[in-house]
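Accompanying notes for the structure given below.
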Amino acid sequence: GNSVTQMEGPVTLSEEAFLTINCTYTATGYPSLFWYVQYPGEGLQLLLKATKADDKGSNKGFEATYRKETTSFHLEKGSVQVSDSAVYFCALPARNSGNTPLVFGKGTRLSVIA
Amino acid sequence: EAEVAQSPRYKITEKSQAVAFWCDPISGHATLYWYRQILGQGPELLVQFQDESVVDDSQLPKDRFSAERLKGVDSTLKIQPAELGDSAMYLCASSLDKRSSGNTIYFGEGSWLTVV
């Protein structure tokens, strides 16, 4: 099945710094790719998604571009805020056809300090 | 905005006792998932339902875990007997389209289980 690898954390940044969290995937074909965010004590929320190669997903100042050449979907934000402190998960469908669950990376914890 | 509802939010139980979690997915969502998230790790699928049928329970420890979705709406996940290693967050999620991959999955707030 498909799988995803994301950079290990924790990542600690100062407010207004640039953020990159790396994610690479292994899959047959070109599945949709997702970033989810989990705030302390809560469930996961969809942050952004891209459904085909070269697509850029964006939300709340975060962006990620689907790069089939490098099988990557890195998450970026130009200027992080304290409120962005959370755990970020890269995900993709377990298989490329049928009704399939998402598989998740191990998560990257981001701490933003004022 | 519609949400996936879960209860209880927190549960402390003694080893060897039974525990149950309930989930009500977003209205109209055909697919329901139960994931387990151990502290510091990503969620891992336990069981997937499409309507009232189990689609995938290959990772469900069936000697102690059971799940049902009798009317194809809400669902219950049960653990009996609970073991110390079951301490985790149990996440319920749902998605709308039952025909294709790449659907967005929507998660509930999760149920924290501590086994003592």
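Data for the structure
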read-out: Pair list, Cβ < 7 Å and 6+ apart or interchain, from the stretch B:72-89 residues that are in a loop (DSSP other than H, G, I, E, B) to residues that are open to solvent by 80 Å² or more (accessible area, probe 1.4 Å); value: B:G72/B:E52; B:D74/B:W22; B:P81/B:Q17; B:A82/B:K15; B:A82/B:Q17; B:E83/B:K15
read-out: Cross-chain or 6+ apart pairs with Cβ under 7 Å, the stretch B:55-67 first and modelled with pLDDT of 95 or more, then open to solvent by less than 30 Å² (accessible area, probe 1.4 Å) and among the polar types (S, T, N, Q); value: B:A67/B:S75
read-out: Residues within the stretch A:79-114 that are in a strand (DSSP E or B) and either within 23 Å of A:T28 (Cα to Cα) or open to solvent by less than 60 Å² (accessible area, probe 1.4 Å) (or both), tallied; value: 15
read-out: Considering residues of the stretch A:18-28 that are under 24 Å from B:Y35 (Cβ atoms) and either modelled with pLDDT under 95 or hydrophobic (A, V, I, L, M, F, W, C) (or both) only, the residue most open to solvent (accessible area, probe 1.4 Å); value: A:T28
read-out: Odd one out for B:L60, checked against (1) part of a loop (DSSP other than H, G, I, E, B); (2) within 14 Å of chain A (Cβ to nearest Cβ); (3) surrounded by fewer than 19 Cβ atoms within 10 Å (Cβ to Cβ); value: (3)
read-out: Boolean, A:E76 is open to solvent by 60 Å² or more (accessible area, probe 1.4 Å) and in a loop (DSSP other than H, G, I, E, B); value: no
read-out: Boolean, A:G61 is within 19 Å of B:L45 (Cβ to Cβ) and either modelled with pLDDT of 95 or more or within 14 Å of chain B (Cβ to nearest Cβ) (or both); value: no
read-out: Residues located in the stretch B:8-33, provided they are more than 10 Å from chain A (Cβ to nearest Cβ), under 14 Å from B:D74 (Cβ atoms) and surrounded by 14 or more Cβ atoms within 10 Å (Cβ to Cβ); value: B:A20, B:F21, B:W22, B:C23, B:D24, B:P25, B:I26, B:H29, B:L32
read-out: Qualifying residue in the stretch A:35-48 (condition: surrounded by fewer than 18 Cβ atoms within 10 Å (Cβ to Cβ), of a type in the set (A, V, I, L, M, F, W, C) and free of Cβ contacts under 8 Å to residues at least 24 places away in the same chain); value: yes
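The values are calculated or read from the model by the stated rules, or taken from the named source; none is laboratory data. Quick caveat, the model's predicted, so the values are computed rather than measured. Virtual Cβ from ideal backbone geometry, glycine too; neighbours counted across all protein chains shown. Accessible surface is based on the protein model in full, side chains and every heavy atom, while ligands, DNA and RNA are left aside. Shrake-Rupley method; radii C 1.70, N 1.55, O 1.52, S 1.80 Å.
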